[in-house]
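Heads up, the thing below is written out as structure tokens.
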Amino acid sequence: MKEFALIFRLKDMADFKPSPEQMQERMNWLAGIAAQNQLVDKGNTLLPVPGSAKTVKPDNVVTDGPYTEIKEFISGYIVIKADTIDKAVAIAKENPIFKIGGNIEVREVLKRD
Amino acid sequence: MTAVLCRHFGLKHIEIAEDMASDTFLKASEHWALHGVPENPTAWLYTVAKNKTKDYFKNISAFETKIRNPINLEETQDEQHFEYSPEIIADSQLAMIFAVCNPANSNQSQICLALQILCGFSVEELANAFLSKPETIKKRLQRARTNLRNDNFQIKKLTGIDIKSRVDVVLKTLYLLFNEGYFSKTNHKQVRIELCSEATRLAVLLTENPLTNTAQVNALLALMCFQSSRLAARTNDRNEAVLFEEQDRNLWDQSLIQRGNYYLINATNADEISKYHLEAGISYWHTTSTDKKKWRNILKLYNQLILIEYSPVTALNRTFAFAKVYGNRKAVVEAEKLKLTDNHYYHALLGYLYSETEIPKAIENFETALKLTKSKTEKQTLKKKIKRLIE
């Protein structure tokens, strides 16, 4: 089986803090992957808020957060295993993130021995 | 008694300790038959064992020390300090638990060994409990004992380091021991209850020593109490399994539920959440009957549990909880993703989920489950379900 990183992106900072129902939906989705024994790493949520996000650039330039310059920001990631990228995409499609205008990038993990 | 004796002889010489313990009991049965049971039978037994040990050490010094290497003195205790106080008995048993739960042995062997050494089960009783032949059990025990000796785990006062390195294995063994009883293959109710209560007894022992009285141990014990509270209700007079939803709640043991609550509260002292915490939490919610939030909470706990450790059983139970919250239609979709096609519980679950909507599919799944299961009680339950759907 191949491994794929699913990278979550959101557009609106207001969506970052989920309601209890949204949280339950997300957990159901994540646990559903684990229940199929296809979860490699439950990953992490990445805080985009001031004080928790900085971008380091050449020439000693450090800016606050990712959110000042780009329209969308990465909110988290997980790693799953699947036979093909299409199957990984099928899993991603069931995530509730699309209800709030987010998106998911699916990327195969290159395994170095 | 074997545990206390091993403290003196070292684990390598467990056979000597066992012989001595059984000699002691033999002497007791002869003596008590003639003279009646003494006032304090425990003290009597241990005095006899003590004398036997002294004799043994005398013999050793008379013959073996000069000819062969004596029993390694580092591992053994001086006979002068030979004592049988309740603390020593508890300590020795505790140390023995840690010695027996050795990762060098398979789970099954660890359970067998624990039952034999710590709980005094005979080979026949073990064979009965595991539905195997006595010879198979004997071989398994022999191999396990060899591994124990080779591993050279020293049985003495436990230190923090010993405990840290082994506690996970110990808890897992006790957990498996309990499950062996709770979900036993044998139909023998008494055997099942005995396995469960032995596992619980050993877990209680762990909570009585400050070194091993951890949050995880308390969580495991809470789980055992909650589960045990339903033992009487799980089978009927004819030894048939009674499904959770059909159980007579008056048969649930309220005092055990309260014990469970007590240990569960103790278990929340630390920040860590182990799988035992989650399972105890699920089992706790099962003891409540009417709470509306019940299944929502159970599903949440299963969601966390499956993230900690995948197992087909957890995946299936989680789907059942999902059905209780979101309905059978949505749960069918979740269930079919699991693709555990050679698992009879999987088909039994699908059968249950289809029962309201697509009866032919429900029957088909129940029939597949019937073909896959080896358990008699489950076959009976499945046949009843099929019959009900056909009518």
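Since every read-out is calculated from the coordinates, none of them should be taken as a lab result. Predicted model, so just to flag it, every value in this text is computed and none were measured. No Cβ is skipped: glycine too gets one built from the backbone with ideal geometry, and neighbour counts run over all protein chains shown.
Computed from label points 7 Å out along Cα-Cβ, the spacing between B:Arg238 and B:Thr207 is 3.8 nm. For the protein assembly as shown, the percent of C-alpha pairs falling in each 10 Å distance bin, counted from 0 to the bin holding the largest distance, reads 3, 15, 22, 22, 17, 11, 7, 3, 1, 0. Separation of the range B:213-270 from the range A:16-69 is 38 Å, based on Cα centroids. In this entry, the range B:213-263 is assigned a mean projected area of 3.8 nm², taken as a quarter of its C-alpha convex hull surface. Taking amide hydrogens as placed 1.01 Å from N in the peptide plane, the amide H of A:Gly76 sits under 5 Å from those of A:Phe8, A:Leu46, each at least 5 positions away in sequence or on another chain. When Rg and Dmax are taken over the Cα atoms of the range B:86-213, they come to 14.1, 41 Å. Projected label points at A:Thr45 and B:His188, each 7 Å from Cα along the beta carbon direction, are separated by 5.2 nanometres. Check the straight Cα-Cα distances from B:Lys52 and name the lysines below 18 Å, setting aside those fewer than 8 residues away within the same chain. Within reach: B:Lys27. Qualifying GluC sites (Glu not before Pro) in the range A:31-111, where qualification requires a DSSP coil assignment and no more than 10 other C-beta atoms within 10 Å, comprise A:Glu69.
Report, to two decimal places, the Cα Rg of the range B:190-343 normalised by 2.2 N^0.38 Å (N = number of residues).
In units of the 2.2 N^0.38 Å rule of thumb, it is 1.10.
About its Cα centre, the dipole of the range B:282-375 is roughly 380 debye, where the only charges are +1 on Lys and Arg Cβ and -1 on Asp and Glu Cβ. For the peptides B:307-320, B:134-147, the ranking by mean Cβ contacts within 10 Å, running from highest to lowest, is B:307-320, B:134-147.
Between B:Arg329 and B:His31, take the C-beta separation as r, use R0 = 56 Å, and let me know the FRET efficiency to the nearest 0.05. Numbers along the way, then the final one.
On the way: r = 71 Å, r/R0 = 1.26.
Approximately 0.20, to the nearest 0.05.
Can you pull out the trypsin sites (Lys or Arg not before Pro) in the range A:1-103 that DSSP calls coil and that have at most 12 other Cβ atoms within 10 Å? In loop regions of the range A:1-103 (DSSP not H, G, I, E or B), the sparsely surrounded trypsin sites (Lys or Arg not before Pro) are A:Lys71. Note on B:Lys339 and B:Ala90: the model spin-label points, each 7 Å out from Cα along the C-beta direction, lie 5.3 nm apart.
On the beta carbon distance between B:Lys376 and B:Tyr262, with R0 = 41 Å, the FRET formula returns roughly 0.65. Magnitude of the charge dipole for the protein assembly as shown, about its Cα centre and with charges confined to Cβ atoms of Lys, Arg (+1) and Asp, Glu (-1), is about 1120 debye. Simple rule: put +1 on each Lys or Arg Cβ and -1 on each Asp or Glu Cβ in the protein assembly as shown, find the dipole, and look at B:Val170, B:Ile137, B:Ser197; the Cα lying farthest toward the positive end is B:Ile137.
Measuring between alpha carbons in the structure, the pairs from A:Lys93/B:Lys337; B:Lys300/B:Lys376; B:Lys294/B:Lys324; B:Lys330/B:Lys361 lying more than 21 angstrom apart are B:Lys300/B:Lys376.
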